[in-house]
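The values are calculated or read from the model by the stated rules, or taken from the named source; none is laboratory data. It should be emphasised that the depicted structure is a prediction, and the values quoted were computed from it without experimental measurement. Note that we place each Cβ from the backbone using ideal geometry, even for glycine, and neighbour counts take in every protein chain shown.
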Amino acid sequence: MTESAVQLLPLAIVVGMFALFIVSGLRTSSRQASEYGVAGGYTGRIGIGAAIASNWMSAASFLGLAGMFYLKGYYAMAFVVGWTGGYVLLLVLMATQIRRFGKYTAPDFVGFRYESAAARTLAAIISIGITVIYGVAQFRGIALIVSWLFGIAYTPAVVVGAALVVGFVVVSGALGVARNQKLHYFVLITAFILPLMLMARKLGYFWILPQFGYGAAIRDLQQQFGFAWSEPFATVTPFRWLALCFTLMFGTAGLPHVLSRFYMVPSIRDARWGVVWGLFFIALIYWSAPAYGVLARLFEARGGIVLNSSDPMVADMAVLSAARYSGLPLWCIGLLAAGGMSAAFSTVAGMLLTGSASFSYDIYPRLIRPNASETDKVVAAKGFFLLLAVIVMTLALRPWGMIAEIAALAFALAGNTIFPAFLLGIWWGRANAPGVISGMLAGVVITFAPFLAGILPFLASLPPATSSAFIGAPLVILVMVAVSLLTPPPGDGIKLFLTRNVHDTAEE
C-alpha cells in the first residue's frame, strides 16, 4: 500500500501524538537498572489493566488481527480465543502467585524458584529470543505505516521505523515509556473504534456498537458477492485451529513482558483485578478487529476492486485500506495510523526494554561483570537495547510471514518454555533445576523443529511452529516432571517458601 506522496495531515497527527507521549515521558527518567524495563509505579487497578492492555495491544492486535480476518476469515478466531483465553489462564493459575514471589523479571523468578544460576541464564536467553521474534512483527507493522505516511518502499521504511523507535525511547526515558502505557492505550482505543463507527454508519449498519453490527456485513458479503467469510474450518482442519488456539493461550500466559506487570503491584487483589481490567480493555480491540476485516472486504467488493487475497502486505494493511475505501476524511485515517503506530510502539518499546533488562539484570552482572555498579548496569541495558533494535530491524527487512503469524512464533516459544517453568514452579514443589533446564531446552527444540522439515521429512507431519505448544507444552511438562523425579529434590527453603508465602498466604 505504498503511495508516492507524503501524507501530510496524517503525518502531522502522528507527530502530534508522539509529541504528547514525549512530553509526558520527560517528566521522569530512569536511573536504576531495576527500573529500566520493569518500571511503573502503582496507578490503581484500572491503571494496571490499561498498562497491561497497552503492553498487549501491539501491531499484531491493531493491524495483524484484522489482516488475518481479512485474509482467512473464521481461522483468525483462533487468535482471539487464544489470546483472550491466555489471560483467563493467567488469572486463574498464576497472576496472584507471581505477585507473591515479588521478582522483577521472568529470569529472576526462574533463578529464585529453581535456585539455579544456569536456569536463570537460560530463561534470560529465551526471553531475549522472544523479544527479537515479537519485535520483528512490530517493526513490520511500523514499517508498513511509515511506508504509507512517507510514500517510500518497505525496506527504507523499516530503517526509518527503527530509528523512530530508538529515538522515542531515548528521548522520553525508560521510566517514561512504562508510565506512558496508559496514555498509549486510551489513544489507541479511541483511534481504533471511532473510524470503525464512522465506516459502519456510512454502510448503513448498526454503528453505535459496530462490534455487534457487522454480522449484517458478513451476510451481505455472502449473499451479494458469494464470499463465505465465516465458514468454519474452510482452510484448515479443526485440529490445526485448536493447535494454534492453545499455543497462543499458553504463550500469552508465558510472555515475559506481560508477566512482569504482576511483580510490581502492591497487593494480590490488585494483581487479580489488574488482569480483569486488562482483559476488558483488550476485548474492546478484539471485538473490533473482525469488523475491520469484513468491512475492508465489503468495500473492495462494492468498489469492484480485485480481491488480492494472496498478498500478506495488503492483508496487514486492511485496517487503513478499509478507512481509505470508505472515503473517510483524511484526519480520521491519520488518527487510525496514529493508533497503529501507538500500538506497535508501546509493545516494541516494552519488549526491547524487557530484553535489555534480562541482559543487564540477569546476564551482565553474573556472567560478564560481577562487580558492576548500578550505573554500569544502566549503560549495559541501553547498549543492549540498541543492539536488539539493530537485530530486529535486520530480520524485519525480510519478514517470514504476516504480522500475526510472526507474533504467533514468539507465543509458541513462550508457551513451550516460560509457561511450563512458571506453572510447575508455582504448583509443584518437587520441580527442580535439572527439570526446568531440561524442559526449557526441550521447548526450544520443539518450537523450531518444524523448520527442519526440509532436512528431516518426518517432521512435516508436525503442526507448524506457530502451533507447536499445543503438543509441546504438555511434552515439556512431562520432561520436567520426569527429570525432576530422577534428580535430587529442591532445597527445604524453597519448599517452605512455597508453602508459607505463596499458597498459604491470606488475601491482601
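Only residues that are outside any helix (DSSP H, G or I) and either closer than 18 Å to Leu144 by Cα or modelled with pLDDT of 80 or more (or both) were counted in the stretch 293-343, giving 9. Inspection of the stretch 414-434 identifies at least one residue that is buried (at least 23 other Cβ atoms within 10 Å of the Cβ), within 21 Å of Glu115 (Cα to Cα) and more than 26 Å from the chain's Cα centre (by Cα).
Take Val444 and tell me if it is crowded, with 17+ Cβ neighbours inside 10 Å, more than 19 Å from Ala410 (Cβ to Cβ) and among the hydrophobic types (A, V, I, L, M, F, W, C). The answer is no for Val444. For the stretch 213-238, which positions are outside any loop (DSSP other than H, G, I, E, B) and free of Cβ contacts under 8 Å to residues at least 24 places away in the same chain? Matches in the stretch 213-238: Gly215, Ala216, Arg219, Gln222, Gln223, Pro238. Listed by first and then second residue, the pairs linking a residue in the stretch 467-479 that is at pLDDT below 95 to a residue that is surrounded by fewer than 24 Cβ atoms within 10 Å (Cβ to Cβ) and charged (D, E, K, R), with Cβ atoms under 9 Å apart and 6 or more places separating them unless they lie on different chains, are Ser467/Arg240. Once the stretch 26-57 is narrowed to residues that are under 22 Å from the mean Cα position of the chain (by Cα) and closer than 30 Å to Ile152 by Cβ, the residue that is modelled with the highest pLDDT is Met57.
So in the stretch 200-212, with the set limited to residues that are touching a Phe, Trp or Tyr at 6+ places or on another chain (Cβ under 7 Å) and either in a loop (DSSP other than H, G, I, E, B) or at pLDDT below 85 (or both), which one is surrounded by the fewest Cβ atoms within 10 Å (Cβ to Cβ)?
Phe212
When the stretch 368-379 is limited to residues that are assigned to a helix (DSSP H, G or I) and free of Cβ contacts under 8 Å to residues at least 60 places away in the same chain, the one that is nearest to Ala117 (Cα to Cα) turns out to be Ile368.
Every listed requirement among (1) in a helix (DSSP H, G or I); (2) surrounded by fewer than 23 Cβ atoms within 10 Å (Cβ to Cβ); (3) in contact (Cβ under 8 Å) with a residue 24 or more places away in the chain; (4) in contact with a Pro (Cβ under 9 Å, 6 or more places away or on another chain) is met by Pro399 save one, (1). Listed here are the helices (runs of 4 or more DSSP H) enclosed by the stretch 103-179 that have at least 1 residues being under 20 Å from the mean Cα position of the chain (by Cα), modelled with pLDDT of 90 or more and of a type in the set (S, T, N, Q): 117-150.
If you go through the stretch 84-94 and pick out every residue that is surrounded by fewer than 24 Cβ atoms within 10 Å (Cβ to Cβ), touching a residue at least 24 places away in the same chain (Cβ under 8 Å) and either among the hydrophobic types (A, V, I, L, M, F, W, C) or not in a helix (DSSP H, G or I) (or both), you end up with 5. Contact map, the stretch 301-312: residues that are closer than 12 Å to Phe225 by Cα and among the aliphatic types (A, V, I, L, M) paired with residues that are at pLDDT 75 or above and not in a loop (DSSP other than H, G, I, E, B), Cβ distance under 6 Å, separation 6+ or inter-chain. Pairs shown: Ala301/Phe225; Leu307/Glu300. Report yes if Ser147 is crowded, with 24+ Cβ neighbours inside 10 Å and either free of Cβ contacts under 8 Å to residues at least 60 places away in the same chain or not basic (Lys, Arg) (or both), otherwise no. For Ser147, the condition - crowded, with 24+ Cβ neighbours inside 10 Å and either free of Cβ contacts under 8 Å to residues at least 60 places away in the same chain or not basic (Lys, Arg) (or both) - is not met. Assessment of the stretch 486-504 against the conditions (among the polar types (S, T, N, Q), modelled with pLDDT of 95 or more and farther than 29 Å from Phe239 by Cβ) yields at least one matching residue. Confirm whether Gly350 is touching a helix residue (DSSP H, G or I) at 6+ places or on another chain (Cβ under 9 Å), farther than 25 Å from Leu63 by Cα, of a type in the set (Gly, Ala, Ser) and part of a helix (DSSP H, G or I). No.
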